[in-house]
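A quick write-up on the structure given underneath.
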Amino acid sequence: MDALATSARLTMTKPDTDLPHDVLLSDDFAHHHVRASGDWPAHDTAPVPFDGGAAVITPFRMGVAHNLDELQDVLEQENFRVLPLESTGSLEKGVGPACLVAAFHSRTLYPMEDAAELVSRLVTQLSMDGHNQSDVGYALRVVDVLIHVPVAVLTDFEPQLQALQSLPAEMAARLNVLPLMREGEVLMVALAEPIDAEQQHLIRFVTQCRVVAVLAAAGDVQHAIGRCYASHSDSDELESLAISEMETGSEEEELRVWSEAELLARQAPIVRLVSNLLADAVSRRASDIHIRPGQKTFEVLFRINGTLVPVRRLRRALLPPVVGRIKILASMNSSEHRLPQDGRIRINENGAGIDLRISIIPSQFGESVVIRVLARTADMRSLDAIGFEAADLARLRDLLRRSMGIVLVTGPTGSGKTTTLYAALQEVVRQNVNIITVEDPIEYELDNVIQIQINPVIDFSFPKALRHILRHDPDVILIGEMRDYETAKIAVESALTGHLVFSTLHTNDAPSALVRLIEMGVEPYLIRSAVIGVLAQRLVRTNCTHCREVEPVDTLMRTNLDIGPEDVFWRGKGCDRCHGTGFSGRQAIYELLVMDKQLAERVDVGVSADVYRDSALASRMHSLPANGIKLARTGVVSLAEIYRACM
């Protein structure tokens, strides 16, 4: 195996005119030109790591592209070329169909691996599938070609409209190929697996083009076909709709516009537009969908990793039928446009149940809509993956092993409280106990847990549910939120009678949770006995690793955070990879307050949160800002992001 890897590494270091890739690959779309020094694309080199080591190999250098511009830049390197469809037949004859398919999968799933790593992976796979040692040469041969073919990451890829129009959507979906670019009579497609001669002939006949390919992961191709074709096809249909423009006029005129909108809300173009928006939000793992009306247009935005990302801008005349369609799906009053409304929709995407919580409010230019996307079957994080330091994780797990008491998670809306609570429940489930949750809504579905959805319409509230589940012999109770005195009182009584209780509160930090409970009417002596720990957290946006730069920090921020002028911090500048935001992903920062004897003695009416904080800090609690600054010093987040979250 080592010899094979060495052989692959030697053959792949530089292109050579005698190698198969020079025969089987094509120079189409590779507009080579001589670059002046300093004229290389911004993504050509990676930032130097924080430890001062050498710059890492960038996706660009490995032939990975996230959009058309990057793909064009990759092809301008002499090391990468497109793969004519007919060359797959020659490869298949030389190495066999099984080896070729396995090689396609390896290249698309592990695009950052070099030739030696791909050969090793491919040989291992072939051996597991029962192939003999003579097939080792096949692996060398096929990798030598595919390592020079670019890999397109299609998550946010926008193909040329001319390319999409060359191949019908139904055929693209059936063959699992996505047209990306077209120049004259040459069409570039993204594919995940080789297609047979008959399918190649069909594509050439339909498109009347010579067809060349780049590679992409199978799942990416499937999702991108639905997203890209839907986006371009509904634009023409929507423009063709006869819709009256919204103008401020008489009451009769407004009634006519809304009546027309109710009819259009049931027509195919509007139905398809709304369905595509919902499906796109789910596929891009958006937490919220915003429909924001303006004077002449309205904008659709997705909240992804805490950042609002613009998706589409449509003419304002389409707003009433779009909102009307959403009201129909949510069984809301479609004739009411002057009052706020709330509703919910249950949909299925790829076999997964998705809950959509709808909020509609009237605004100056029409109704504004926000849709919360709750994927009940989404992958849940474990406590290890949330980002706790080892000492704090050990203290938290000690709280979870107790048989009674209240553990609170606090923070504003969208701070990850529910994710942390469910991670804690996963730890408790292993203890073979009876767990019952009372939630609004049920955000994740858990095995071996009884989950109850409250329903205010029938007066089935948190207090009523809690009174009944106490007769259901629970060991652990999760209360979605302590909203009132009655809920807090039952939670405290449950903790004092031998139950472990989890819940959330909306407070700015952990010590303030104790003040909030007293404000709700809970007696201080009950808090001393019942509350065993409070975890406060925030979600901060992490820097994009592809465009990070030294962060300029103003003097006032350094003063407020007690940071010296010598400390260096980093931020994301904004690039194509992060949609110009400078952020990629989110990370939790937190403070964990554990109730001990010294802190319990201070709990009383009229005591400020500062007193509780001083006591907790003396007992090994690290504050939210301190945890955030520690994270910022690693370069993972910017100091401005920590300041925004904590101050």
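Can you spot a residue in segment 609-629 that is of a type in the set (Gly, Ala, Ser) and assigned to a loop (DSSP other than H, G, I, E, B)? Looking through segment 609-629, at least one residue is of a type in the set (Gly, Ala, Ser) and assigned to a loop (DSSP other than H, G, I, E, B). Of the candidates Leu617, Leu592, Leu599, Leu535, the single residue that is free of Cβ contacts under 8 Å to residues at least 40 places away in the same chain and open to solvent by less than 20 Å² (accessible area, probe 1.4 Å) is Leu599.
Could you run through segment 476-493 and say how many residues are part of a helix (DSSP H, G or I), among the acidic types (Asp, Glu) and either open to solvent by less than 60 Å² (accessible area, probe 1.4 Å) or closer than 14 Å to Ser461 by Cα (or both)? Break it down stepwise before answering.
Keep residues of segment 476-493 that are part of a helix (DSSP H, G or I), which gives 485-493.
From what's left, among the acidic types (Asp, Glu): 486, 493.
If we keep only those that are either open to solvent by less than 60 Å² (accessible area, probe 1.4 Å) or closer than 14 Å to Ser461 by Cα (or both) too, we end up with 486.
Count: 1.
Please go through segment 630-646 and give me each residue that is in a helix (DSSP H, G or I) and among the small types (Gly, Ala, Ser), ordered by number.
Here is the first cut: in segment 630-646, the residues in a helix (DSSP H, G or I) are 630-633, 639-646.
If the condition is that a residue be in a helix (DSSP H, G or I) and among the small types (Gly, Ala, Ser), then Ala632, Ala640, Ala645 are the ones that fit.
Which of the residues spanning segment 587-608 are under 30 Å from Ala385 (Cβ atoms) and of a type outside the set (Asp, Glu)?
Keep residues of segment 587-608 that are under 30 Å from Ala385 (Cβ atoms), which gives 587-596, 599.
Across segment 587-608, the qualifying residues are Gln587, Ala588, Ile589, Tyr590, Leu592, Leu593, Val594, Met595, Leu599.
For segment 105-116, does any single residue satisfy the condition of being among the β-branched types (Val, Ile, Thr) and at pLDDT below 85? No, every residue in segment 105-116 fails to be among the β-branched types (Val, Ile, Thr) and at pLDDT below 85.
Considering Leu318, Leu308, Leu314, the condition of being touching a His at 6+ places or on another chain (Cβ under 8 Å) and within 20 Å of Gln295 (Cβ to Cβ) is satisfied by Leu308 alone.
Within segment 397-454, the residues that satisfy the criterion of being farther than 21 Å from His468 by Cα, within 27 Å of the chain's Cα centre (by Cα) and free of Cβ contacts under 8 Å to residues at least 24 places away in the same chain are Val429, Asp447. Taking (1) at pLDDT below 90; (2) in a strand (DSSP E or B) in turn, Gly226 satisfies each apart from (2).
When Arg381, Arg402, Arg395, Arg372 are checked against the criterion of being at pLDDT 90 or above and part of a loop (DSSP other than H, G, I, E, B), a single residue qualifies: Arg402.
Taking the condition open to solvent by 20 Å² or more (accessible area, probe 1.4 Å), farther than 29 Å from Ser615 by Cβ and among the aliphatic types (A, V, I, L, M), does Leu496 pass? If you could, list the steps in order and put the result at the bottom.
Details: open to solvent by 20 Å² or more (accessible area, probe 1.4 Å): yes; farther than 29 Å from Ser615 by Cβ: no; among the aliphatic types (A, V, I, L, M): yes.
Against the criterion (open to solvent by 20 Å² or more (accessible area, probe 1.4 Å), farther than 29 Å from Ser615 by Cβ and among the aliphatic types (A, V, I, L, M)), Leu496 does not qualify.
From the list Pro441, Pro463, Pro412, the one residue that fits, being open to solvent by less than 40 Å² (accessible area, probe 1.4 Å) and assigned to a loop (DSSP other than H, G, I, E, B), is Pro441.
Listed by first and then second residue, the pairs linking a residue in segment 494-521 that is of a type in the set (Phe, Trp, Tyr) to a residue that is modelled with pLDDT of 95 or more, with Cβ atoms under 6 Å apart and 6 or more places separating them unless they lie on different chains, are Phe502/Val407.
On the given criteria, is Ile469 of a type in the set (A, V, I, L, M), out of contact with any Phe, Trp or Tyr (no Cβ under 6 Å at 6 or more places or on another chain) and modelled with pLDDT of 85 or more? The answer is yes for Ile469.
Could you tell me how many of the residues in segment 557-581 are buried (at least 22 other Cβ atoms within 10 Å of the Cβ) and not in a strand (DSSP E or B)? Give the derivation first.
So the first thing to find is which residues in segment 557-581 are buried (at least 22 other Cβ atoms within 10 Å of the Cβ), and the list is 569, 571-572, 578.
Subsequent filtering for residues that are not in a strand (DSSP E or B) retains 569, 578.
Summing the residues that are buried (at least 22 other Cβ atoms within 10 Å of the Cβ) and not in a strand (DSSP E or B) in segment 557-581 gives 2.
Restricted to strands (runs of 3 or more DSSP E) entirely inside segment 257-321, those with at least 1 residues that are closer than 18 Å to Arg346 by Cα are 288-293.
The lone criterion from (1) more than 19 Å from Gln222 (Cβ to Cβ); (2) at pLDDT 90 or above left unmet by Val151 is number (1). Considering each residue of segment 309-332 in turn, at least one proves to be at pLDDT below 85, open to solvent by 20 Å² or more (accessible area, probe 1.4 Å) and β-branched (Val, Ile, Thr).
Scanning segment 154-168 for residues that are open to solvent by less than 10 Å² (accessible area, probe 1.4 Å) and free of Cβ contacts under 8 Å to residues at least 40 places away in the same chain returns a single hit, Ala163.
Residue count for segment 336-356, restricted to those that are within 20 Å of Ala281 (Cα to Cα) and either polar (S, T, N, Q) or open to solvent by less than 40 Å² (accessible area, probe 1.4 Å) (or both): 10. Of the helices (runs of 4 or more DSSP H) contained entirely in segment 103-219, those carrying at least 3 residues that are among the β-branched types (Val, Ile, Thr) fall at 115-128, 136-146, 197-207.
For Ser584, the conditions (1) open to solvent by 50 Å² or more (accessible area, probe 1.4 Å); (2) among the hydroxyl-bearing types (Ser, Thr, Tyr); (3) more than 24 Å from Gly387 (Cβ to Cβ) are fulfilled apart from (3). Quick check on my filter: what residues within segment 416-453 are at pLDDT 85 or above and acidic (Asp, Glu)? Listed by number, the residues that qualify are Glu427, Glu439. Taking segment 260-275 as the range and being open to solvent by 30 Å² or more (accessible area, probe 1.4 Å) and either at pLDDT 85 or above or of a type in the set (Lys, Arg) (or both) as the test, the residues that pass are Arg266, Val271, Arg272, Ser275.
Filter segment 169-186 down to residues that are farther than 17 Å from Arg210 by Cα and not acidic (Asp, Glu) and give me whichever is most open to solvent (accessible area, probe 1.4 Å).
Step one: list which residues in segment 169-186 are farther than 17 Å from Arg210 by Cα, which gives 169-170, 173-174, 176.
Next, from what is left, pick out any that are not acidic (Asp, Glu): 169, 173-174, 176.
On the way: Ala169: 35, Ala173: 62, Arg174: 157, Asn176: 35 Å².
Result: Arg174.
Put simply, of Glu70, Glu117 the only residue that is among the charged types (D, E, K, R) and closer than 16 Å to Leu140 by Cβ is Glu117.
Considering only residues that are of a type outside the set (A, V, I, L, M) and in contact (Cβ under 8 Å) with a residue 40 or more places away in the chain, look in segment 209-226 and name the one that is least open to solvent (accessible area, probe 1.4 Å).
From segment 209-226, those of a type outside the set (A, V, I, L, M) are 209-210, 219-220, 222-223, 226; that's our starting set.
From what's left, in contact (Cβ under 8 Å) with a residue 40 or more places away in the chain: 209-210, 220, 222-223, 226.
Numbers: Cys209: 8, Arg210: 95, Asp220: 49, Gln222: 113, His223: 93, Gly226: 45 Å².
Among them, the one singled out is Cys209.
For segment 136-153, how many residues meet the condition of being open to solvent by 30 Å² or more (accessible area, probe 1.4 Å) and under 34 Å from the mean Cα position of the chain (by Cα)?
1
The single condition among (1) under 26 Å from the mean Cα position of the chain (by Cα); (2) of a type outside the set (D, E, K, R); (3) within 23 Å of Thr413 (Cβ to Cβ); (4) not in a strand (DSSP E or B) that Leu339 does not meet is (1).
The values are calculated or read from the model by the stated rules, or taken from the named source; none is laboratory data. Just so we're clear, the structure is a prediction, and the values are computed from it rather than from any experiment. Every residue, glycine as well, gets a Cβ built from its backbone with ideal geometry; the counts of neighbours run over all protein chains shown. The area values use the complete protein model at the heavy-atom level, side chains included, leaving out ligands, DNA and RNA. Shrake-Rupley method; radii C 1.70, N 1.55, O 1.52, S 1.80 Å.
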